[in-house]
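Each remark here refers to the structure printed beneath this line.
The values are calculated or read from the model by the stated rules, or taken from the named source; none is laboratory data. Values in this document were obtained by computation on a predicted structure and should not be read as measured data. Positions of Cβ are generated from backbone atoms using ideal geometry, with glycine treated the same way; all protein chains shown enter the neighbour counts. These accessible areas exclude ligands, DNA and RNA; they are computed on the full protein's heavy atoms, side chains included. Shrake-Rupley method; radii C 1.70, N 1.55, O 1.52, S 1.80 Å.
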Amino acid sequence: MRDFQGRVAVVTGAASGIGRALGVRFAEAGMNVVLADVQRDALEATAAQLREHGGEVRAVVTDVTQADDLLALAEATEDAFGAAHVVCHNAGVFAAGLSWEAPLTDYAWVLDVNVWGVIHGIRAFTPRLLSHGEPAHQVITASMAGVTTSPFVAPYTLSKHAAVALAETLYLELRAKQSAIGVSVLCPEVVATRIGDSERNRPEHQKRDGPTHAERDLVEDALRASTVGGLAPEAIAARTFEAIEEDRFYVFPPDGDPWRLACERRLDDIRHVRNPNYEPPVSS
């Protein structure tokens with residue numbers, strides 16, 4: 001997809017971080033933008049920011065864990081601007097912990113947002129994109145955690161592996177249909193976002209209960225510390241925009257990045273039928 005002027009982009013998880021940066025990038029390209037997020041105040045602030053740059057923007061409060069909210073978002077998009085052309089299934093949350101100690105509420109919440117949120121999104125938008133038949137593109141935000149494995153992050157890692165598999169399946173299905181819809185899976189490294197503070201948006205019925213756990217606290221504290229010096233969300237948005245232009249599926253860090261090397265080590269373990277190994281993906 002290369003024609004963006006006057007087209008329509010939809011971004012979930014758009015109130016902050018990568019989602020906000022994607023919205024800005026699409027507006028700069030002359031697109032009309034629909035921003036969706038569960039956080040009303042932050043969403044409206046982001047919409048106001050885009051409008052200051054002359055963008056045509058709509059903000060729709062959306063809980064991606066609810067299928068009806070995604071259908072309402074698709075309908076609101078069409079009511080405001082007509083057909084969508086770029087849809088970014090970007091909302092995501094994080095929880096760490098030992099696989100056998102993480103409370104079921106952690107698994108439920110992370111899977112609801114990171115997996116079911118994408119499922120609801122592609123079910124709401126893909127039929128509409130197919131129906132209008134114009135060049136379009138869907139982006140599923142996963143993570144380099146979706147192509148690597150690490151200890152102490154079971155809920156998040158399995159959710160992102162599922163997101164990658166879903167994106168790959170969607171890509172193959174749309175190619176089999178010979179459609180004009182491209183698909184990309186966005187797998188960022190550590191980015192300067194507030195994902196380490198995902199708890200702020202956790203629903204009451206999925207709050208944690210029971211004792212704290214050392215490994216969980218260690219990993220979540222480390223994530224909050226690492227994102228402070230992480231890559232700017234704007235760099236991820238630029239990388240994603242380029243992938244949409246090029247109809248490129250995998251949106252990865254550059255060659256030689258520690259996370260790319262970690263992915264290659266995992267693929268080598270699979271290729272050679274070796275037991276899994278783990279080396280922290282840190283810069284030398």
>> Just to confirm my filter: which helices (runs of 4 or more DSSP H) fall fully inside the stretch 190-284 and include at least 2 residues that are closer than 30 Å to Pro135 by Cα?
In response: 233-246
> Is there any pair with a first residue in the stretch 53-75 that is under 20 Å from Gly92 (Cβ atoms) and a second that is open to solvent by less than 50 Å² (accessible area, probe 1.4 Å) and in a strand (DSSP E or B) whose Cβ atoms are under 6 Å apart and which are 6 or more apart or on different chains, and what are they?
Replying inline: Ala59/Leu35; Val60/Ala36; Thr62/Ala36; Val64/Thr12; Leu73/Ala36; Leu73/Val60
> In the stretch 211-225, which residues are open to solvent by 60 Å² or more (accessible area, probe 1.4 Å), under 19 Å from Ser143 (Cα atoms) and aliphatic (A, V, I, L, M)?
Replying inline: Ala225
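Report yes if Ser184 is closer than 21 Å to Val113 by Cα, in contact with a Ser or Thr (Cβ under 9 Å, 6 or more places away or on another chain) and open to solvent by 10 Å² or more (accessible area, probe 1.4 Å), otherwise no. Let's see the steps before the verdict.
Numbers: closer than 21 Å to Val113 by Cα: yes; in contact with a Ser or Thr (Cβ under 9 Å, 6 or more places away or on another chain): yes; open to solvent by 10 Å² or more (accessible area, probe 1.4 Å): no.
No, not satisfied.
Let me confirm something: among Val33, Val38, Val110, Val60, which residue is within 20 Å of Gly182 (Cβ to Cβ), crowded, with 18+ Cβ neighbours inside 10 Å and modelled with pLDDT of 95 or more?
Values: Val38 fails: within 20 Å of Gly182 (Cβ to Cβ); Val110 fails: within 20 Å of Gly182 (Cβ to Cβ); Val60 fails: within 20 Å of Gly182 (Cβ to Cβ).
One residue alone meets the criteria, Val33.
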> Can you name every residue in the stretch 1-16 that is under 13 Å from the mean Cα position of the chain (by Cα) and part of a strand (DSSP E or B)?
Replying inline: Val10, Val11, Thr12
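Would you confirm, using the coordinates I've provided, whether Arg2 is at pLDDT below 95, out of contact with any Pro (no Cβ under 9 Å at 6 or more places or on another chain), basic (Lys, Arg) and open to solvent by 10 Å² or more (accessible area, probe 1.4 Å)? If you could, list the steps in order and put the result at the bottom.
Working: at pLDDT below 95: yes; out of contact with any Pro (no Cβ under 9 Å at 6 or more places or on another chain): no; basic (Lys, Arg): yes; open to solvent by 10 Å² or more (accessible area, probe 1.4 Å): yes.
Against the criterion (at pLDDT below 95, out of contact with any Pro (no Cβ under 9 Å at 6 or more places or on another chain), basic (Lys, Arg) and open to solvent by 10 Å² or more (accessible area, probe 1.4 Å)), Arg2 does not qualify.
Looking at the stretch 84-107, which of its residues are in a strand (DSSP E or B) and either open to solvent by 10 Å² or more (accessible area, probe 1.4 Å) or touching a helix residue (DSSP H, G or I) at 6+ places or on another chain (Cβ under 6 Å) (or both)?
Taking the stretch 84-107 first, the residues in a strand (DSSP E or B) are 86-89, 97.
Val87, Cys88, His89, Gly97 - these are the residues of the stretch 84-107 that are in a strand (DSSP E or B) and either open to solvent by 10 Å² or more (accessible area, probe 1.4 Å) or touching a helix residue (DSSP H, G or I) at 6+ places or on another chain (Cβ under 6 Å) (or both).
Does Leu172 meet the test of being modelled with pLDDT under 95 and out of contact with any helix residue (DSSP H, G or I) (no Cβ under 7 Å at 6 or more places or on another chain)?
When the stated conditions are applied, Leu172 does not pass them.
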>> Just the residues that are open to solvent by 20 Å² or more (accessible area, probe 1.4 Å) and among the hydroxyl-bearing types (Ser, Thr, Tyr), please, taken from the stretch 5-30.
In response: Ser16
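Listed here are the residues, each with its yes/no results for (1) without any contact (Cβ under 8 Å) to a residue 12 or more places away in the chain; (2) more than 23 Å from Leu166 (Cα to Cα).
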| position | (1), (2) |
| --- | --- |
| Ser226 | no, yes |
| Ala232 | no, yes |
| Ala243 | no, no |
| Phe249 | no, no |
| Pro258 | no, yes |
| Arg266 | no, no |
| His272 | yes, yes |
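Quick one: which of Ala80, Ala124 is within 26 Å of Pro203 (Cα to Cα) and either open to solvent by 50 Å² or more (accessible area, probe 1.4 Å) or assigned to a helix (DSSP H, G or I) (or both)? If you could, list the steps in order and put the result at the bottom.
On the way: Ala80 fails: within 26 Å of Pro203 (Cα to Cα).
Just one listed residue meets the conditions, Ala124.
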> How many of the residues in the stretch 159-189 are among the hydroxyl-bearing types (Ser, Thr, Tyr) and not in a helix (DSSP H, G or I)?
Replying inline: 2
